[in-house]
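S.K.: For reference, the structure I am asking about is given below.
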Amino acid sequence: MKKLMILGASYSQVPLIRAAKRLGLYTVVASIPGSYPGFGEADAVCYADITDPEAVLAAARAEQIDGICTCCMDTGLLAQGYVCSQLGLPGPSWETARLCTNKYRMKEAFLAAGVNTARFRKISGRDDLAPAMQDLRFPLIIKAVDQMGSRGIFICQNEEEVLSCYDRSMAASRKSYCILEEYLQGEMFDLEAMIQDGVPVYVLPSNSDHRKMNPPFSKGHSVPWLHLEAMGEKAAVQVRKAASALGIENAPMDLDVMLLDGKVYVIEATARAGATGIADMVGIYYGTDYYEAIAALAVGEDVSPHFADPPRIPCLTHLLSSPVTGVVRAIGNTVTPSEDIIDLSFNIRPGAVVRRMTNGGDRIGQVILRGDSPEACQQTLKDVLAHLTLEIEAEDHAGIHCYPVL
């Protein structure tokens, strides 16, 4: 029986653990101690800090694993790459993981490989800001190079905002530099792919429900992509170039992408499956279990049958959120069950503190659904949201009030 190590034990890893067990793999979860749901799902637990590559390597050697993987988060990516390189396992290499977790090195690799990407400059100190601003066009976005999600990232409309946000970006980073790049103002979308032996076995662009915050963040995704017929091949070309740039040979890929003036630009890419329900969406669209494909890839099995003759089922993912900040006293759910509602779940309980959503970390649950068309999916989502409520003791209102779930 092959043994698979899964990095992380949070709720995002539970579907991956269950899928690996369905494949007959012996699952070992690696995580720091805590009340994580993955501990009760795996065959074995290994206590290790997944941000520490040496600690994870020691655990992997002790367990004599045949593969290692994670999904939906970058936290363990460096450790995964280190273990794969040291033990000769399928998956992202140490160099690939380092490129994926450093936005500056990633952008340099993109340029060298001819990937369409926004113009940028490395900022090693405040003295670098003025010449960079003269060379680049506003609006600009300043980024901590070593943070996940939207941490340490700020959109700037003028020089004053750049100077102010530089300090905030550097405060979020462990590096001595950041990057300043042109903020492309096109249509954001997502690209998900899986690479085996250096070749994409599928490429799936999806519509992204981006919220206009600073910086914007995704609250959901849907397929099929509205521009698939006209722009699908251009998107696939950029995936292949980005995979080559980052040295991705055997791994899922998640890319943040922009459509602007008939060109596809890659903003960022990483060697793991995407979050925000993307892995579930891929599985529904292709009529397969994508988590099983991720686990199979990690132990070197052929994953192409997962994507053969796909039904291409329209589907949608949506993060649930609260319109206000406060303490939840009750959750109302009068949604009529339907086979098209794949998942409707909350990750909060009464007594939990919720925040008005400003980034993906403020999610309170998710909806994943399918339908006969994108329009049908959107209508089902509206119907679901109309039957969900929260009773909240809000921080800026006296008493308990009922609010819609967004």
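S.K.: Does Cys84 fit the bill of being closer than 15 Å to Ala295 by Cβ, out of contact with any Lys or Arg (no Cβ under 8 Å at 6 or more places or on another chain), open to solvent by less than 30 Å² (accessible area, probe 1.4 Å) and modelled with pLDDT of 95 or more?
M.R.: Considered against the rule, which asks whether it is closer than 15 Å to Ala295 by Cβ, out of contact with any Lys or Arg (no Cβ under 8 Å at 6 or more places or on another chain), open to solvent by less than 30 Å² (accessible area, probe 1.4 Å) and modelled with pLDDT of 95 or more, Cys84 comes out as yes.
S.K.: Looking at region 32-45, I want the residues that are over 17 Å from Pro15 (Cα atoms) and have a partner that is at pLDDT 95 or above with Cβ atoms under 6 Å, at least 6 apart or on another chain. Which pairs are those?
M.R.: Partner pairs satisfying both residue conditions: Ile32/Asp49; Pro33/Tyr47.
S.K.: Continuing with the same structure: Tell me the residue from Glu233, Glu181 that is of a type outside the set (Gly, Ala, Ser), open to solvent by 60 Å² or more (accessible area, probe 1.4 Å) and under 24 Å from the mean Cα position of the chain (by Cα), please.
M.R.: Glu233
S.K.: What's the total number of residues in region 167-193 that are in contact with a Lys or Arg (Cβ under 7 Å, 6 or more places away or on another chain) and under 17 Å from Asp135 (Cα atoms)?
M.R.: Residues flagged as in contact with a Lys or Arg (Cβ under 7 Å, 6 or more places away or on another chain) and under 17 Å from Asp135 (Cα atoms) within region 167-193 amount to 5.
S.K.: So, in region 274-306, how many residues would count as being under 30 Å from Ala60 (Cα atoms) and aromatic (Phe, Trp, Tyr)?
M.R.: Residues in region 274-306 being under 30 Å from Ala60 (Cα atoms) and aromatic (Phe, Trp, Tyr): 2 in total.
S.K.: Give me the pairs: first residue in region 343-360 and under 17 Å from Phe217 (Cβ atoms), second residue open to solvent by 60 Å² or more (accessible area, probe 1.4 Å), beta-carbon distance under 6 Å, and six or more apart or on different chains, which are they?
M.R.: That search, which allows pairs on different chains as well, returns Thr358/Met213.
S.K.: Right, next: Which members of region 353-379 meet the condition of being over 17 Å from the mean Cα position of the chain (by Cα), of a type in the set (Lys, Arg) and either surrounded by 17 or more Cβ atoms within 10 Å (Cβ to Cβ) or at positive phi (or both)?
M.R.: Arg370
S.K.: Could you tell me how many of the residues in region 115-169 are of a type in the set (Phe, Trp, Tyr) and outside any strand (DSSP E or B)?
M.R.: Residues meeting the conditions: 2.
S.K.: Of everything in region 246-283 that's surrounded by fewer than 23 Cβ atoms within 10 Å (Cβ to Cβ) and of a type in the set (A, V, I, L, M), which residue is nearest to Val367 (Cα to Cα)?
M.R.: Ala275
S.K.: Sticking with this structure for a sec: So Gly332 clears everything in (1) modelled with pLDDT under 95; (2) open to solvent by less than 40 Å² (accessible area, probe 1.4 Å); (3) more than 22 Å from Ala275 (Cα to Cα); (4) not hydroxyl-bearing (Ser, Thr, Tyr) except one condition, right? Which one?
M.R.: That leaves (1) as the condition not met.
The values are calculated or read from the model by the stated rules, or taken from the named source; none is laboratory data. Everything quoted here is computed from the prediction, not taken from an experiment. Every residue, glycine as well, gets a Cβ built from its backbone with ideal geometry; the counts of neighbours run over all protein chains shown. Just so you know, the surface numbers come from the protein's heavy atoms only, side chains and all, with ligands and any DNA or RNA stripped out. Shrake-Rupley method; radii C 1.70, N 1.55, O 1.52, S 1.80 Å.
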